[in-house]
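The values are calculated or read from the model by the stated rules, or taken from the named source; none is laboratory data. Source: prediction; values computed, not measured. Positions of Cβ are generated from backbone atoms using ideal geometry, with glycine treated the same way; all protein chains shown enter the neighbour counts. Accessible surface areas use protein heavy atoms only, side chains included; no ligands, DNA or RNA. Shrake-Rupley method; radii C 1.70, N 1.55, O 1.52, S 1.80 Å.
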Amino acid sequence: MQVIKAKTAGFCFGVKRAVDTVYEQIKQNSSEKIYTYGPIIHNGEVVRDLEEKGVVVLRSKKELEAIGHGTVIIRSHGVTQEIYDILKSQNLNIIDATCPFVKKIHNIVREHSAQGDRIVIIGNPEHPEVQGIFSRAGEKAVVIQSAGEAENFSPGENEKICIVSQTTFNYNKFKDLVEIISEKSYYVSVLNTICNATKERQTEAESIAESVDAMIVIGDKHSSNTQKLFEICRRACNNTYYIQTLDDLDLNQLGSVETVGITAGASTPNNIIEEVQNNVRIIF
């Protein structure tokens, strides 16, 4: 009997940096109200803990404009240019916890858009990271997340295209979409902005899933990178379970298996991963 936990499971650099930033502000700032614009990361357990410590999550432009003072921490996914401008215009203490890899994409799309390139963002248009990138990518920017959308994309004659990606997008799917788009124009510049940690996590998860009887993927249901991990693992292992905490896992389902793999999204705290791992070990 064997339990294999992925070495890359749990907080990535950008997530840890953002979460640590909020906890540091809680310790240092006893008098001023602390806000985050949007959940600091996509993990309900972490957000609830911060709220219990007095942190308020702002979820709309209206809520942001209603606060008169305080500290506002920009979430790891970043915010749109409009929200950033509102933050700068108010009497607020702003702490930018945007992942540095996301900010790098902001700079890339600004520069290429200023040069006249049309920006193509590979990613989920509903994800806050993608919305933040799109807001800085110029009027001609487009978001593509499926093969059908890539097939329907029609660049102008001699139009220069710059392709970037959401940092947590499926690497293999990114390559497939780039191939479709690249066939439509001679002037395509591809900048693979998928975070290295994401690619490593996906590669390791797939390798483990291929070698075990059951696979457990831990992460919030709103976490894009966890959703991608689940899709990858499910293709490699039919018995793949997507859980947020131990409470979501029926341990009886694992009673007849000999090997179990465990991975987790970049927004999953170590204590949740360890709790699942320890309890899975008990049944073997």
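Taking each residue as 0.36 nm, the span from Lys184 to Gln81 lengthens on full extension beyond its C-alpha to C-alpha distance by 34.1 nm. Full extension of the chain between Lys88 and Gln115 gives 7.1 nm of extra length, using 0.36 nm per residue less the Cα-Cα distance. Ligands, DNA and RNA excluded, the heavy atoms of Lys33 present near 90 Å² of accessible surface to a 1.4 Å solvent probe. Of the GluC sites (Glu not before Pro) in the range 155-252, the ones in a loop by DSSP (not H, G, I, E or B) with at most 15 other beta carbons within 10 Å are Glu157, Glu159, Glu183, Glu210.
For the range 1-53, the dipole from Cβ point charges (+1 on Lys and Arg, -1 on Asp and Glu) about the Cα centre works out to 260 debye, to the nearest 20. Dipole orientation for the range 1-153: of the candidates His42, Val120, Gly14, Gly14 has the Cα lying most toward the positive pole (charges on Cβ; Lys, Arg +1; Asp, Glu -1). The DSSP beta bridges internal to the chain are antiparallel in roughly 0% of cases.
When the residues Ser207, Ser182 are ordered by accessible surface, computed with a 1.4 Å probe over the protein chains alone, the sequence from largest down reads Ser207, Ser182. Could you tally the net charge around Thr71, taking each other residue with its Cβ under 12 Å from the Cβ of Thr71, Lys/Arg +1 and Asp/Glu -1? Value of the local net charge: -2. Here, P(r) means the percent of Cα pairs in each 5 Å bin from 0 to the largest distance; for the chain it is 1, 6, 12, 15, 15, 14, 13, 11, 8, 4, 2, 1, 0. Summarising the label geometry, the points placed 7 Å from Cα in the beta-carbon direction at Arg235 and Val257 lie 1.9 nm from one another. For His127, the accessible surface of its heavy atoms amounts to roughly 10 Å² (probe 1.4 Å, protein chains only, rounded to the nearest 10).
About the centre of its Cα atoms, the range 223-265 shows a dipole size close to 260 debye [charges on the beta carbon of Lys, Arg (+1) and Asp, Glu (-1) only; nearest 20 debye]. Applying 1/(1 + (r/R0)^6) with r as the Cβ-Cβ distance of Glu63 and Asp20 and R0 = 22 angstrom yields a FRET efficiency of 0.35. Taking the Cα centre of the range 139-255 as reference, the dipole from Cβ charges on Lys and Arg (+1) and Asp and Glu (-1) amounts to some 240 debye. Take Phe134: with every protein chain present and a 1.4 Å probe, its accessible area is about 90 Å². Taking the helices alone, the chain has a mean residue ellipticity at 222 nm of -13000 deg cm²/dmol, built from -39,500 (n - 2.57) per DSSP H run of at least 4 residues and averaged over all its residues.
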